[in-house]
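A.B. asks: Next up is a structure, given as structure tokens.
Computed from the coordinates by the stated procedures, all read-outs in this text should not be read as laboratory data. Predicted model only: the values in this text are computed from it and were never measured. Ideal geometry is used to build each Cβ from the backbone, glycine not excepted, and the neighbour counts take in all protein chains shown.
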Amino acid sequence: MDVQTIATQVAEAIQAAPEKAQELVRDPRGTIEGITGATDFNATEVLQAAIGKVSEMGLDLSSLDLSQLDLSAIDVSKLNVSSLMDAAKNLGVDISKLDLGGLLGGNIFGGLGGMLGSLFGRK
């Protein structure tokens, strides 16, 4: 299966059962495998695409706890942080618990990411 097919299945599963979004945050690879049965995929690409698709659905995921995001399961250097922030806004997700320092720490903006992470409640 390609990234978009997998992402669509994940987004549809979250639409049908919004609690799947928290599972996806806690264990991206395991949740994607559980939903789709796929084992050969790039978890970062699928996660990014699925978040975009869920954002377009206009779901209310305000209860999502981003402090549980498993950053070790994804390649944070490949994430489009700007689009993730837009998606969080569209979905009503509180980003104050998101480890922005961890998201941005692997690239040239690492210092800025740490500072932003501290500003948003993560030290």
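A.B. asks: At what distance in nm do the modelled label points of Met1 and Ser63 sit from each other, each positioned 7 Å from its Cα along Cα→Cβ?
C.D. replies: Taking the simple label geometry, Met1 and Ser63 are separated by 2.5 nm.
A.B. asks: Please provide three numbers in whole Å: the alpha-carbon extents of segment 1-52 along the principal axes, with the largest listed first.
C.D. replies: 24, 18, 17
A.B. asks: Return the aspartates and glutamates within reach of Lys78: Cα separation strictly under 14 angstrom, same-chain partners fewer than 8 residues apart disregarded; answer none if there are no such residues.
C.D. replies: Glu45
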